[in-house]
Amino acid sequence: LLEKMADVSLKEVALILGVVAACYWNSLFCGFVFDDVSAILDNKDLHPSTPITNLFQNDFWGTPMSEERSHKSYRPLTVLTFRLNYLFSELNAVSYHFLNLVFHVVVCVVFLKVCKLFLDNRSSVVASLLFAVHPIHTEAVTGVVGRAELLSSIFFLAAFLSYTKSKGPDNTIVWTPIAMTVFLVAVATLCKEQGITVVGICCVYEVFVAQGYTLPVLLDTAVQILRGKGSIPFSMLQTLLKLIVLMFSTLLLVVVRVQVIQSQLPVFTRFDNPAAVSPSPARQLTFNYLLPVNAWLLLNPSELCCDWTMGTIPLVESLLDVRNVATLTFFCFLGSLIVFSLRYPGDSSKTVLMALCLIVLPFIPASNLFFPVGFVVAERVLYVPSMGFCILVAHGWKKLSNKSVLRKISWVCLAAVLFTHALKTLHRNWDWESEYTLFMSALKVNKNNAKLWNNVGHALENEKNFERALQFFIQATQVQPDDIGAHMNVGRTYKNLNKTKEAEESYMIAKSLMPQIIPGKKYAARVAPNHLNVYINLANLIRANESRLEEADQLYRQAISMRPDFKQAYISRGELLLKMNKPLKAKEAYLRALELDRTNADLWYNLAIVYIELKDPTEALKNFNRALELNPTHKLALFNSALLMQESG
């Protein structure tokens, strides 16, 4: 990196550092919100007691990659940096936010270095500053989980910089930088999947910038060769050789990555990404409409929102929808830029071409156009594409400021943009302070997303403010009447407010929304495990009434039939069967649960209680001891085993 920083002066670094610090200092006061909770607070892979090798077997959220419920996002190096934070300050959020800030500065500086390949000094600094203050980055910098983007971008840009050194004097090939590029691409991909797209950018750079071909020249040569008139020029053969080496090593990376996800794609529900399960043409129209939506977020980042799932963007269902105009305008604009950059020789078209590559290629994995992803729009995904956007803006600004008439006004406008963006970024950081502030700010932008109403409810529920939480949960059920989770939340909150009748009604609605049992269909793939809790919660509720124990048992059995590996159902059913004086059946249920999870102390304890009911104290004592091995401070197990010892003298 030091050698790469050589032509970025200390003044420039200091400027960038100052600007980033001014925009993001308040992110240090934010906590862990949204995805940070599952990636950091609940992630066992951060604890020093977990072996390091687990990082390379689990996904970003600490779930083993082999499990069906895994999200398949494999980013071990990012988790490794979280682990360093944990070593340093355990779960104190300040150190996590601080490291994100440092990484953002590094990205800005390396980006400045990349800009200098295609822009003059002043415009490069402008592009880098625009990138440093752009409000779209708040999700990547202030949300701790966004570190995956930051790290991936550092290695992404470093890989590209390394590749630009692969052309020696007289167009010879220098192999060391190419090997370095492949290594850096692998590292970037281990931080976040889209790192691999830098290979495409290297290829375009090689053909159109390093070798200086334009599309007409390439077509001419191709026509000559096909007619059998000319042979391929030597320089072209060398270029081909480089590209083949790059492509081949990338293919290897992709193969390894597919091996890691064990060739299953993750399972997303229709709530995460409604368009992905819609029929044609609605699916194609909506996915294409999302491109101008993303472009608009870069141009005018005033309406930022942390979660664009569910009903945020209604589907574009017909060709007559007004929003198709936006899609058409976007493609016309993009098309004209592509034509300009590929047809004409000259520095300007090369700059535009590289900026377009930076916008388009890194965005492709998240665009839904080739395979569905678990979100509709996500601001953090625009972190790398916004680099290309900033180069385009800086390039346009340079052209304007060179005209004497427009010089003053272009400087004024630039200052205004930088200042407003910086203010917006500073203001937006406060939204990430806590779950409550984050989701309330999101509700201002879109009221049609049930997930947001639910999340505000959860934040209030965690503060034991059940009355207000209930209002938000009920609103969620009105926005999305078929959202099972929302009805479960309403039921749970009623139960917390001791309104059992209303709670039961809500659970019954949730249960009626579950997929009906179709004989011979395998369920595991169709039912989200947390939705099965409907049966558990409902059964736990009606169990309080002695006359309805049979009914409760039937609900547990139904949950088990829908998902035979549903541990919680066996545990709750075992407790119920004991209450119904059926200890043998209870024993069966607990043994089944223990097959699924042998490390649960409460299970061994419950099994011991069953043995006491079955008048078998020696087995009971054995099981109490198993529970105590797993959890030496299990009070009830300690107390009951003492009682047994006392009775047996």
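All of the numbers you see were taken from the coordinates with simple rules; none came from a lab. These figures come from a predicted structure and were not determined experimentally. No Cβ is skipped: glycine too gets one built from the backbone with ideal geometry, and neighbour counts run over all protein chains shown.
Some notes on this structure:
- Spin-label pair Glu505-Asn121: with each label point 7 Å from Cα along the Cα-Cβ axis, the two points sit 7.4 nm from one another.
- Helix 533-542 axis versus longest C-alpha principal axis of the chain: approximately 30°, rounded to the nearest ten.
- Convex hull of alpha carbon positions in the stretch 76-214: directionally averaged projected area 9.4 nm².
- The length gained on full extension between Lys579 and Asn92, counted as 0.36 nm times the residue separation minus their Cα-Cα distance, comes to 170.9 nm.
- Ratio of the Cα radius of gyration of the chain to 2.2 N^0.38 Å, where N counts its residues: 1.14
- The stretch 403-461-the stretch 18-82 distance, computed between alpha-carbon centres (Å): 24 Å
- Other residues lying with their Cβ under 11 Å from the Cβ of Glu206 contribute a combined charge of +2, Lys and Arg counting +1, Asp and Glu -1.
- Contact order for the chain, expressed relative to its length and based on alpha carbon pairs under 8 Å spaced 6+ residues apart, stands at 12 percent.
- Structure-based [θ]222 nm, the chain - -39500 (n - 2.57) summed over DSSP H runs of at least 4, per residue, nearest 500: -20500 deg cm²/dmol
- Karplus-derived HN-Hα couplings along the stretch 176-183 (A = 6.51, B = -1.76, C = 1.60, θ = phi - 60°), whole Hz, x at Gly and Pro: 4, x, 5, 4, 4, 4, 4, 4
- In this calculation the C-beta distance from Thr618 to Trp296 is compared with R0 = 60 Å, giving a FRET efficiency of 0.25.
- 9 Å beta-carbon shell around Leu596, net charge (K/R +1, D/E -1): 0
- If R0 equals 45 Å, the separation of the Cβ atoms of Trp175 and Asp597 corresponds to a calculated FRET efficiency of about 0.30.
- Note on Leu630 and Leu644: the extension gain reaches 3.1 nm, defined as 0.36 nm multiplied by sequence separation minus the Cα-Cα distance.
- Across the alpha-carbon set of the stretch 331-438, the Rg to Rh ratio works out to 1.06, Rh being the Kirkwood radius.
- For the stretch 171-230, a Kirkwood hydrodynamic radius built from all Cα pairs, placed in the Stokes-Einstein relation at 4 °C and 1.567 mPa s, yields a translational diffusion coefficient of 94 µm²/s.
- Local electrostatic count, Ile178, Cβ distance below 15 Å [Lys/Arg +1, Asp/Glu -1]: +2
- Lys/Arg +1, Asp/Glu -1 at C-beta; the chain dipole; positive extreme among Phe32, Thr327, Ala188: Thr327
- The stretch 363-425: radius of gyration and largest Cα-Cα distance (Dmax), Å: 16.4, 49
- The stretch 206-224 and the stretch 87-161 have Cα centres lying 34 Å from one another.
- A simple charge model with +1 on the Cβ of Lys and Arg, -1 on the Cβ of Asp and Glu and nothing else charged puts the dipole of the chain at about 1340 debye relative to its Cα centre.
- Computed FRET value (nearest 0.05) for Ile338 with Ala415, which takes r as the C-beta separation and R₀ as 25 Å: 0.20
- Computed over the alpha-carbon pairs of the stretch 598-648, the distance histogram in 5 Å steps reads 5, 28, 36, 22, 8, 1 percent, short to long.
- Extension gain from Leu218 to Ser38, taking 0.36 nm per residue of separation minus the Cα-Cα distance: 59.8 nm
- Over the stretch 286-387, all Cα pairs binned in 5 Å intervals from 0 give whole-percent P(r) values of 2, 11, 20, 23, 20, 12, 6, 3, 1, 0, listed from short to long.
- Counting only alpha carbon atoms, the long axis of helix 215-226 and the longest principal axis of the chain meet at about 90°.
- Residues in the stretch 127-141 that a label on Lys399 would reach, taking backbone N under 20 Å of a point 7 Å out along Cα→Cβ: 127-128, 130-131
- Between the stretch 546-579 and the stretch 306-361, the alpha-carbon centres lie 54 Å apart.
- Karplus-derived HN-Hα couplings along the stretch 411-424 (A = 6.51, B = -1.76, C = 1.60, θ = phi - 60°), whole Hz, x at Gly and Pro: 5, 4, 4, 4, 4, 4, 4, 4, 5, 5, 4, 5, 5, 4
- Rg [Å, one decimal], Dmax [Å, integer] - the stretch 1-118, C-alpha atoms: 17.1, 51
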